[in-house]
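The values are calculated or read from the model by the stated rules, or taken from the named source; none is laboratory data. The model shown is predicted, which means the values in this text are computed figures rather than measured ones. Virtual Cβ from ideal backbone geometry, glycine too; neighbours counted across all protein chains shown. The area values use the complete protein model at the heavy-atom level, side chains included, leaving out ligands, DNA and RNA. Shrake-Rupley method; radii C 1.70, N 1.55, O 1.52, S 1.80 Å.
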Amino acid sequence: PLPAANIVVVTRADGSGTSAAFTEYLAHASPEFRAKVGTGLTVSFPVGVGAIGNAGVTSQVKSTPFALGYVEMSFATQAKVSVATLRAGNGAWVEPSVTSVSAAASSMTARGIPDDLRMSLVDAPGDGAYPIAALSYAVVGEAQPDAAKGRALARFLAWVLRDGQKTAPALGYASLPAPLLTKARERLASLTALRWESGHEGR
């Protein structure tokens, strides 16, 4: 039985990819929400209190009776807060987990991956796919002005797309599906480190 108390809505007060994914899902589920609130990194919610960052929202939800908010799964897992089981597009009820987020990514990448890697995982059609999922991006300039820093950055990103994938689930993140990893590695290969010295270009 639910208590006779008002729900305290906690939202992100700062720009956030988490807000973008969450509002995209709400707009997909409710034309009224799309018309009144819209989608994006920053939106003006009609109710609730704002908090900065996933950590801020998590802390506010934990310290406020009857509070409801949205955060990355990794923060919810670490903070041990209750999470929402949602009904997917096929009618099945799905819990948020590394497995259900992987299912969302796999089902969407199976439809094709754009060259710029920009794609939505919201309300993915695959079995067992959690309806609110998103990719995390590293936005990197293709031409790096400092050769040493550019090479270090490339090595780090190569590690992320290789050995780093093995550590993701323990941190509450899903590993990328193989087709997306291949595409991301192709993009990484285009990264160059440029330094103009003595009239010549070092690469």
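Could you grab me the full set of residues in the range 164-178 that are within 17 Å of TYR137 (Cβ to Cβ), assigned to a helix (DSSP H, G or I) and open to solvent by 60 Å² or more (accessible area, probe 1.4 Å)?
LEU171
Being in contact (Cβ under 8 Å) with a residue 24 or more places away in the chain and outside any loop (DSSP other than H, G, I, E, B) is the filter; apply it to the range 85-101 and report the residue that is surrounded by the most Cβ atoms within 10 Å (Cβ to Cβ). Result: VAL101. Inside the range 125-162, residues that are hydrophobic (A, V, I, L, M, F, W, C) and free of Cβ contacts under 8 Å to residues at least 24 places away in the same chain make up a count of 6. In the range 140-148 there is no residue matching the filter, namely being exposed (fewer than 13 other Cβ atoms within 10 Å of the Cβ), under 20 Å from ARG12 (Cα atoms), modelled with pLDDT under 95 and in contact with a Phe, Trp or Tyr (Cβ under 9 Å, 6 or more places away or on another chain). If the condition is being open to solvent by 50 Å² or more (accessible area, probe 1.4 Å), under 16 Å from the mean Cα position of the chain (by Cα) and in contact (Cβ under 8 Å) with a residue 60 or more places away in the chain, then the range 23-57 contributes only GLU24. The set of residues in the range 60-84 that are without any contact (Cβ under 8 Å) to a residue 12 or more places away in the chain and at negative phi comprises SER63, SER82.
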